[in-house]
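Asker: Before we start, here is the structure in question, set down as structure tokens.
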Amino acid sequence: MTTNSPSKVHITTTINGQQHELLVPGYMSLLDTLRELIGLTGTKEGCLDGNCGACTVSVDGRIVDSCLVLGAEVDGKEVDTVEGMASPDGLHPLQQAFLEEAALQCGICTPGFLVAAKGLLDNEPSPSEDRIRHWLAGNLCRCTGYDKIVRAVQKASS
Amino acid sequence: MVATFEPKTDYKVVGTRPIRHDGYDKVTGRAIYGGDMKLPGLIWGVMVRSPHAHATIKSIDTSAAEAMKGVFSVITGADMPKAPSKLVDLGEGNVNFKWASNKLMADTKVLYRGHPVAAVAAVDRYVAEEAARKVVVEYDVLPAITNVVDALKPDAPILLDDLVGDDLGEDVTNTNMAAHVRHEFGDVEGAMASATHTIEREYNMQMVHQGYIEPHNATALWDEEDRIKVWTSTQGSFPARTQIAGILQVDVSRVKVTPLEIGGGFGGKIPVYFEPIAALLSKKSQRPVKMVMERTAVFETTGPTPGARMIVKLGADSNGKLTAATADIWFEAGANPGAFIGPAAQCVYAPYEIPNTRIDGWDVLVNKPKVAPYRAPGSPQVAFAMESAVDELCEQAGWDSLQFRIDNASKEGTRRGDGVLFSKIGMQEVLEATKQTDHWNSPIGDAPEGKVRGRGIANGYWFNIGLKSSANLSVNSDGTVQLTEGSTDIGGSRTSMAMHVAEVLGLDAHDVRPVVGDTESVGFTDVTGGSRTTYATGYACWQAANNLVDVLKQRVAILWDVKAEDVDFKDGVFISNAESAKTISFKELAGKLEDLGGPANSTGAVDLESAGDGFGTHIADVEIDLATGKTDVIRYTAIQDVGTAIHPSYVEGQLQGGSVQGIGWALNEEYFMHEDGRMANSSFLDYRMPTSLDLPPIDTVLVEVPNPLHPYGVRGVGETPICPPIPAIANAINDATGKRLYSTPMNAGSIVESLK
Amino acid sequence: MHPFAYVAPKTVSEAVSVLAEHGDRARPLAGGTDLLVKARANVWDLDAVVDVKNIPELMSLSINGAGLSIGAGVPCCQVYEHKDIQEQYPGIIDGASIIGGIQIQSRAGLGGNLCNAAPSGDGIPALIAYSAVAKISGPNGNREVAVEDFATGPSRTVLENGELLTSIEIPKPAANSGAAYTRFIPRNEMDIAVAGVGVFVQLDSEGKKFESARIALASVGPTPILAQKAGDSLAGKPVNDESIASAASLAKDAASPITDMRGTVDQRKHLVEVLTGRMLNQAIERARG
Ligand SMILES: Cc1cc2nc3c(=O)[nH]c(=O)nc-3n(C[C@H](O)[C@H](O)[C@H](O)COP(=O)(O)OP(=O)(O)OC[C@H]3O[C@@H](n4cnc5c(N)ncnc54)[C@H](O)[C@@H]3O)c2cc1C
Ligand code: FES
Ligand code: FES
């Protein structure tokens, strides 16, 4: 194990169902790994310190702020981003609900909210309004006041 | 002569809620925002920033940074073109190139913490950041001014040696006061002396930030033809072009700005910060350079809206009529002049008819970031003061505060504090609607043990600007229409533009495909700001659509071999005046254009006055934990005259978003400054904007008093909703605890303090 | 951010040797929610981060007759989703479930919270109240330190060069005991404690008398504080408002906060008193079952 130079780390990771082999610098965030190395810019940067949730992705089914994960850490793991939500059959119900409920204004927070909300609905198909508000507290939106976002998540839940 | 329009009700598209055209890209992560920009050979730029709020620069040594592997170029203040002192209007606020340039990169002196002193371009962001840390700067630290009171003391350190202040028309030098303005009408002193009830109070507010989630960014390429191409998230590509060209001292036509998707602005993305710097780095590196701002720098160096000190005095007669008012307003401009005292004067008394008024406003420099427009800049501050004072006056005199607001409401013909007379406005309608809301008529309910509840209301106002917009249309052979317009889209405006066109042409909203053009593909368009976009750019779209109808009538005339005057157009169908049975639909005609003269295009261009005055009233219910001072907003309703809501979902969204920004401002948000001028809470963690868990649903009531100045009655709506929340919450807290707070933020600590 | 190498050892001894080699230029990486923020803000210039999440020992979470053992790399979400912990250690849940938001809780752990040694660490007061012990491995072998002695100042701990926290051991609470933690924050989530209070109470079999109590405070001193006197004052006292109020007042005396952007000295002391009262009542309720 060499630790003297900030050498790159070889990782194999599944991103939106697709396997990727990558060489990532040890210090590179998962956010930059996605955006800069793979070109998946749907995951957004808002703060780089875990406070806005714009960079939310799912790692092995748990939502995380990808700015506070190193790319090297996802070796052998499954990463899901907003780009993986829709299928050839169409949008994910959450994406559809966000459109119908006008749950985005500028839209910069939207990928993070969608991935976070999916993390909730995948485990709890019919959360209460309070539960939704609690679950989404790690995602900041400055445009909407959250009202329509919460309604969209309610609409997409069963 | 300004055109006026009769109100209509039989709309087909206006007032419906189609899915926004850009929505699919935005929910799938495909939309390209400024930070997503990629170009061949792209390198990254990073700023070197001052750790001090006020200091002279003794020396800058860039050699270690320049020697680093992967570094392309380094620039300092010495590389900045010398921009002359020239004031240019940007729609919402204006810019002086000299100061704008100095704000971007310090010359000999730093004026606020984070003030850039150099910039580095390197192969990637990580290398650029490391290199930036290797630039060595020596400073002589000066005492920092952090509030208006200290700034105006006779012995205060002076920020700008060459500032000539304007004190009611007189030049003053050696000052931190950039301007002092006054508006006075009637016999203020006499009316105040004879008033039955008077109240005089001082209010103080800290700076707050717009808090958009997307940091500032820019990508620039200064190419071998000496042309500067810029890709950026901006609220206006043309005003950005004006600023970039002015700061770099080149002709506007040498700058092309391509607006990428923008992640929020609220006024804060009207000024440019990175674009000229990225361009200069690009010129030196011969590569496109991208810059994305760190969140700390977003707080420390961009945005804030002025902190304020305000003294408001009101006088009323025994019948509950306001007779006199005075307001003294000191606003923090930050490190350069321009603190929105003009708008504050326009807004302070606007919801009320008051015969005798005086306003004095001061624009004051402090060692903080230069303020930028933030949603109704200046108005939320004066609304906090005015609406708090109104409630306290009512309390003193024993008047119902909603009835008082109705009895004194401004209306057509009322004179605003700065002298302008109102045309058709909806303040009274809004207040009447407020009275009818379920919220107003429902009891607040009992608080759990240890807590108390209270309800507050307040008015708010923004004048809404008009200005210049352009739009182009062309017909596709399948009967759809391509729309190119110049307003960058922050909240679904593309769709509202398409709806303007679709309404005229009798098409479905989705048959019009809107794109936001760059500065070389559409005519001049002012900022997306000032609540003007749907009004003015929508107007341009309406005009372009009508022009297109005229073009198409000519083609129908060829087809039918009649005169164009004999062709009529209604609900998407062309009709012959001569033979009423003869018709052809828009879609059918589109398919035949090939043989009828070819491409059919049109254009719309407007330069408009105000987008119609916007009035709102909000109702806030709060619940307060008496032991900790924790305040929760438990119910909230925003009522506003929106003219005509083109796409009601996005109008509601404006009301909701503005309300929540106001709630954050009221309760927790502030620039918490150390004495030396450093901001203590420059992260989202400590700046504390509301999360979803801090809020109830935000109910909205759209009152529609059509604006006679717009073909569909559109009024600006985006800014008014941030004005009432702060006083509504102040009034609610007072209702709950019996204690009134005179400063923001009205946080837990100050509530507990007030209860002692 | 200084560029650093990423190392992912599989054993404690490997981790210890890398850490020992680099001194303060290397740090363990658990959830990274403090570490990566500090590295990015140039608080530290690191040459290497040592990911502890591939060391099975540090990822184990076990509960048995002796107590609860939380591996130093276990994230909060695994702690608060654990049914047995929910039942037997509600005070631990109170802390673990409020650190950051859901995204943060997927990564952040109590081990990292303890090692980060922020005065405001929300995980720490409950651990202190439960009399938890930190297990440490280093170049010179293993040792144990009481959690209240672990932090020695803001961002400073008892850990020596090359040492690693391996787990936190929480003794099994006796019958008729209860614990609780809360903090005051201006928002409802995603915020740093203005003041926090964790308590553990042991009642007599009727639930009418305190046998013993421990009260610990966050954000009101350079480290989380064990308010020993306040807790001890309850031993033998009847369970009533008066005992609670006097313990709360002693807890307030134990607080030595500063004024900063998050709160003033007065506000923080006041909050300690209020929250101590509330948490004692909550713990009593839990003790009574
Ligand atoms: C948005 C956000 C919100 C937050 N909210 C809260 C909050 O509400 N309450 C709160 O208390 N904290 C909060 N934090 C801080 C942080 O999440 C917690 O302190 C968390 O518990 C740290 O755990 P971690 O596993 O992420 O630690 P890491 O960041 O991995 O490590 C923290 C420190 O401990 C060291 N370390 C880690 N593991 C070991 C080990 N095994 N042995 C020795 N040293 C080790 C690291 O080197 C580092 O110095 C928040 C952070 C963010 C970004
Ligand atoms: S960018 Fe990761 S949380 Fe803000
Ligand atoms: S829609 Fe703009 S931040 Fe959420």
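The values are calculated or read from the model by the stated rules, or taken from the named source; none is laboratory data. Source: prediction; values computed, not measured. Note that each Cβ is placed from the backbone with ideal geometry, even for glycine, and that neighbours are counted across all protein chains shown. Calculation scope for accessible area: heavy atoms of the full protein, side chains included, ligands and nucleic acids excluded. Shrake-Rupley method; radii C 1.70, N 1.55, O 1.52, S 1.80 Å.
Asker: Determine, yes or no, whether B:Val95 is in the same structural domain as B:Val504 (by TED's automatic domain parsing) and buried (at least 20 other Cβ atoms within 10 Å of the Cβ).
Answerer: no
Asker: Against the definition (hydroxyl-bearing (Ser, Thr, Tyr) and closer than 26 Å to B:Asp699 by Cα), how does B:Ser410 come out, yes or no?
Answerer: Judged against the criteria, B:Ser410 is a match.
Asker: Which one of the conditions (1) open to solvent by 10 Å² or more (accessible area, probe 1.4 Å); (2) at pLDDT 95 or above does C:Thr259 fail to meet, given that it meets all the rest?
Answerer: Only one criterion is unmet by C:Thr259, namely (2).
Asker: Looking only at the range B:684-734, which residues are surrounded by fewer than 21 Cβ atoms within 10 Å (Cβ to Cβ) and either at the interface with chain A (Cβ under 10 Å from one of its Cβ atoms) or among the aromatic types (Phe, Trp, Tyr) (or both)?
Answerer: B:Leu685, B:Asp686, B:Leu693, B:Pro696, B:Pro697, B:Asp699
Asker: Could you please tell me which pairs satisfy a Cβ distance under 6 Å, a separation of 6+ or placement on different chains, a first residue in the range C:184-205 that is more than 9 Å from every other protein chain (Cβ to nearest Cβ), and a second residue that is charged (D, E, K, R) and surrounded by fewer than 21 Cβ atoms within 10 Å (Cβ to Cβ)?
Answerer: That search, which allows pairs on different chains as well, returns C:Gln202/C:Glu211; C:Asp204/C:Glu211.
Asker: State whether the residues of the range B:314-322 include one that is buried (at least 24 other Cβ atoms within 10 Å of the Cβ) and outside any strand (DSSP E or B).
Answerer: Checked the range B:314-322: no residue is buried (at least 24 other Cβ atoms within 10 Å of the Cβ) and outside any strand (DSSP E or B).
Asker: Looking only at the range C:244-256, count how many residues are touching a Gly at 6+ places or on another chain (Cβ under 8 Å), open to solvent by less than 20 Å² (accessible area, probe 1.4 Å) and either small (Gly, Ala, Ser) or not assigned by TED's automatic domain parsing to the domain that holds C:Ala283 (or both).
Answerer: Selection size over the range C:244-256: 3.
Asker: I'm trying to understand the selection: among the residues of the range C:118-128, which are among the small types (Gly, Ala, Ser), within 8 Å of ligand 1 (Cβ to nearest atom) and either crowded, with 24+ Cβ neighbours inside 10 Å or within 17 Å of C:Leu29 (Cα to Cα) (or both)?
Answerer: Hits for the range C:118-128 are C:Ala118, C:Gly121, C:Gly123.
Asker: Hey, could you check the range B:626-641 for residues that are touching an Asp or Glu at 6+ places or on another chain (Cβ under 8 Å) and charged (D, E, K, R) and say which is farthest from the other protein chains (Cβ to nearest Cβ)?
Answerer: So, considering only residues that are touching an Asp or Glu at 6+ places or on another chain (Cβ under 8 Å) and charged (D, E, K, R), the one farthest from the other protein chains (Cβ to nearest Cβ) is B:Asp641.
Asker: Something else: Looking at the range C:34-57, which of its residues are open to solvent by less than 40 Å² (accessible area, probe 1.4 Å) and closer than 19 Å to C:Ser167 by Cβ?
Answerer: Selection gives C:Leu35, C:Val50, C:Asp51, C:Val52, C:Ile55.
Asker: Applying the selection to the range C:129-150, what residues are outside any loop (DSSP other than H, G, I, E, B) and within 11 Å of ligand 1 (Cβ to nearest atom)?
Answerer: C:Ala134, C:Lys135, C:Ile136, C:Ser137, C:Gly138
Asker: Being away from chain A (no Cβ under 14 Å) and open to solvent by less than 20 Å² (accessible area, probe 1.4 Å) is the filter; apply it to the range C:82-112 and report the residue that is farthest from the chain's Cα centre (by Cα).
Answerer: Result: C:Ile85.
Let's see how each residue does on (1) open to solvent by less than 10 Å² (accessible area, probe 1.4 Å); (2) in a loop (DSSP other than H, G, I, E, B); (3) of a type outside the set (Phe, Trp, Tyr):
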position	(1), (2), (3)
B:Thr219	yes, no, yes
B:Glu225	no, yes, yes
B:Gln235	yes, yes, yes
B:Ile244	yes, no, yes
B:Val250	no, yes, yes
B:Lys256	no, no, yes
B:Ala279	yes, no, yes
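Asker: Being within 16 Å of ligand 2 (Cβ to nearest atom), more than 29 Å from B:Met291 (Cβ to Cβ) and either in contact with a strand residue (DSSP E or B) (Cβ under 7 Å, 6 or more places away or on another chain) or in the same structural domain as A:Tyr146 (by TED's automatic domain parsing) (or both) narrows it down to one of A:Gly107, A:Gly76, A:Gly71, A:Gly119, so name that one.
Answerer: On inspection, the qualifying residue turns out to be A:Gly119.
Asker: Suppose we filter the range B:323-357 for residues that are assigned to a strand (DSSP E or B) and among the acidic types (Asp, Glu); how many remain?
Answerer: The total comes to 2.
Asker: Could you please let me know if B:Glu652 is within 12 Å of chain A (Cβ to nearest Cβ) and part of a loop (DSSP other than H, G, I, E, B)?
Answerer: Considered against the rule, which asks whether it is within 12 Å of chain A (Cβ to nearest Cβ) and part of a loop (DSSP other than H, G, I, E, B), B:Glu652 comes out as no.
Asker: Looking only at the range B:293-313, which residues are open to solvent by 20 Å² or more (accessible area, probe 1.4 Å) and either farther than 30 Å from A:Leu140 by Cβ or not in a helix (DSSP H, G or I) (or both)?
Answerer: Residues satisfying the conditions are B:Glu294, B:Arg309, B:Ile311, B:Lys313.
Asker: Find all pairs meeting these conditions: Cβ atoms under 6 angstrom apart; at least six residues apart or on different chains; first residue within the range C:271-289 and hydroxyl-bearing (Ser, Thr, Tyr); second residue assigned to a helix (DSSP H, G or I).
Answerer: C:Thr276/C:Ala248; C:Thr276/C:Ala251
Asker: Being within 20 Å of C:Ser106 (Cβ to Cβ), open to solvent by less than 20 Å² (accessible area, probe 1.4 Å) and within 16 Å of ligand 3 (Cβ to nearest atom) narrows it down to one of A:Leu114, A:Leu104, so name that one.
Answerer: After ruling out the rest, the residue left standing is A:Leu114.
Asker: Tell me the strands (runs of 3 or more DSSP E) entirely within the range B:437-540 that contain at least 2 residues that are farther than 20 Å from B:Ala3 by Cβ, hydrophobic (A, V, I, L, M, F, W, C) and open to solvent by 20 Å² or more (accessible area, probe 1.4 Å).
Answerer: B:512-516
Asker: Name the pairs: first residue in the range B:270-287 and small (Gly, Ala, Ser), second residue in a loop (DSSP other than H, G, I, E, B), Cβ to Cβ under 7 Å, at least 6 apart or on different chains?
Answerer: B:Ser282/B:Pro288
Asker: Take the residues in the range A:106-158 that are touching a Pro at 6+ places or on another chain (Cβ under 9 Å), more than 19 Å from B:Leu655 (Cα to Cα) and charged (D, E, K, R); name whichever of them is nearest to ligand 1 (Cβ to nearest atom).
Answerer: A:Glu129
Asker: C:Val239: open to solvent by less than 50 Å² (accessible area, probe 1.4 Å) and within 30 Å of B:Leu695 (Cβ to Cβ), yes or no?
Answerer: Against the criterion (open to solvent by less than 50 Å² (accessible area, probe 1.4 Å) and within 30 Å of B:Leu695 (Cβ to Cβ)), C:Val239 does not qualify.
Asker: I would also like to ask the following. One residue is enough: does the range A:117-131 have a residue meeting the conditions buried (at least 19 other Cβ atoms within 10 Å of the Cβ) and either touching a Cys at 6+ places or on another chain (Cβ under 8 Å) or at the interface with another protein chain (Cβ under 7 Å from one of its Cβ atoms) (or both)?
Answerer: Looking for residues that are buried (at least 19 other Cβ atoms within 10 Å of the Cβ) and either touching a Cys at 6+ places or on another chain (Cβ under 8 Å) or at the interface with another protein chain (Cβ under 7 Å from one of its Cβ atoms) (or both), one finds none in the range A:117-131, hence no.
Asker: State which residue is farthest from A:Arg35 (Cα to Cα) when the search covers only the range A:63-84 and only residues that are more than 7 Å from every other protein chain (Cβ to nearest Cβ) and open to solvent by 10 Å² or more (accessible area, probe 1.4 Å).
Answerer: Filtering first and then ranking leaves A:Gly76.
Asker: Related question: Any idea which of B:Glu261, B:Glu300 is within 14 Å of chain A (Cβ to nearest Cβ), within 16 Å of ligand 3 (Cβ to nearest atom) and modelled with pLDDT of 95 or more?
Answerer: From the options B:Glu261, B:Glu300, the qualifying one is B:Glu261.
Asker: Would you say B:Thr296 is touching a Lys or Arg at 6+ places or on another chain (Cβ under 7 Å) and either hydroxyl-bearing (Ser, Thr, Tyr) or closer than 30 Å to B:Glu224 by Cβ (or both)?
Answerer: no
Asker: Looking at B:Pro706, is it in a loop (DSSP other than H, G, I, E, B) and free of Cβ contacts under 8 Å to residues at least 60 places away in the same chain?
Answerer: No.
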